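Here the structure is laid out as structure tokens; the discussion comes afterwards.
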Amino acid sequence: MVEFLGKEYGYVVIVVVLYCFLNFWMAFQVGKARKKYKVNYPTLYALESENKDAKLFNCVQRGHQNSLEMMPMFFILMVLGGMGHPCVCAAVGLLYIVTRYFYFTGYATGDPQNRLNIGKYGFLALLGLLICNLSFGINLLRR
């Protein structure tokens, strides 16, 4: 398998694992926010009518939830695109992780607009991964 993928594919695997660590950290932040703002399980989002800090908690929760929603697309783009362009995908994947961190921390401030300061560039990273996947697919068809 290693011969098929090439040793550079290891960078892709490492970037996927780094995103998992970021996800664990975000989940931990949501857990801390649950305690701080008194939002008990299984409540997914706090109601403003019941909790004065609902917006603050919901912003932390939403930042993580959005990252979870994007994770399958990020993973599949990394795994497939990395087969054809491992170094480019690893670099673009790292950019995505950095932007996801800032997306989450910006959102967690309680002002949803703050998620876009640096976080908005994550979509450029996804676009880069999409281009790598298209290139890989076209190269496979040309064989």
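In a residue-by-residue description of segment 24-40, the property of being aliphatic (A, V, I, L, M), modelled with pLDDT of 95 or more and under 30 Å from Leu134 (Cβ atoms) applies to at least one position.
Does Ala90 meet the test of being small (Gly, Ala, Ser), more than 30 Å from Leu44 (Cα to Cα) and surrounded by 21 or more Cβ atoms within 10 Å (Cβ to Cβ)? Show your work before the answer.
Numbers: small (Gly, Ala, Ser): yes; more than 30 Å from Leu44 (Cα to Cα): yes; surrounded by 21 or more Cβ atoms within 10 Å (Cβ to Cβ): yes.
So Ala90 fits the description; yes.
The single condition among (1) crowded, with 21+ Cβ neighbours inside 10 Å; (2) modelled with pLDDT of 95 or more; (3) not aliphatic (A, V, I, L, M) that Thr105 does not meet is (1). If the condition is being within 24 Å of Thr99 (Cα to Cα), out of contact with any Pro (no Cβ under 7 Å at 6 or more places or on another chain) and of a type in the set (Phe, Trp, Tyr), then segment 1-44 contributes Tyr19, Phe21, Phe24, Trp25, Phe28. For first residues located in segment 129-142 and more than 10 Å from Cys89 (Cβ to Cβ) and modelled with pLDDT under 95, partners that are assigned to a helix (DSSP H, G or I) and charged (D, E, K, R) and lie 6+ apart or on another chain with Cβ distances below 6 Å do not occur.
Summed over segment 30-60, residues that are under 20 Å from Arg115 (Cα atoms), of a type outside the set (A, V, I, L, M, F, W, C) and in contact with a helix residue (DSSP H, G or I) (Cβ under 6 Å, 6 or more places away or on another chain) total 2.
Residue-by-condition table, conditions (1) under 15 Å from the mean Cα position of the chain (by Cα); (2) over 30 Å from Leu129 (Cα atoms); (3) free of Cβ contacts under 8 Å to residues at least 40 places away in the same chain:
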| residue | (1), (2), (3) |
| --- | --- |
| Glu3 | no, no, yes |
| Leu44 | no, yes, yes |
| Met73 | yes, no, no |
| Leu80 | no, no, no |
| Gly84 | no, no, no |
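Scanning segment 108-143 for residues that are among the basic types (Lys, Arg), over 21 Å from Val79 (Cα atoms) and surrounded by fewer than 14 Cβ atoms within 10 Å (Cβ to Cβ) gives a single hit, Lys120. Could you please find all residues in segment 1-10 being at negative phi and either surrounded by 12 or more Cβ atoms within 10 Å (Cβ to Cβ) or touching a strand residue (DSSP E or B) at 6+ places or on another chain (Cβ under 8 Å) (or both)? Leu5, Glu8, Tyr9, Gly10, listed by residue number.
Could you check how many residues of segment 11-59 are of a type in the set (Gly, Ala, Ser) and surrounded by 14 or more Cβ atoms within 10 Å (Cβ to Cβ)? Of the residues in segment 11-59, 3 are of a type in the set (Gly, Ala, Ser) and surrounded by 14 or more Cβ atoms within 10 Å (Cβ to Cβ). Any chance segment 7-20 includes a residue that's of a type in the set (Phe, Trp, Tyr), within 15 Å of the chain's Cα centre (by Cα) and modelled with pLDDT of 95 or more? Looking through segment 7-20, at least one residue is of a type in the set (Phe, Trp, Tyr), within 15 Å of the chain's Cα centre (by Cα) and modelled with pLDDT of 95 or more.
The values are calculated or read from the model by the stated rules, or taken from the named source; none is laboratory data. Note that the structure is predicted; figures quoted are calculated from it, not measured. Using ideal geometry, Cβ is built from the backbone for each residue, glycine included, and neighbour counts are taken over all protein chains shown.
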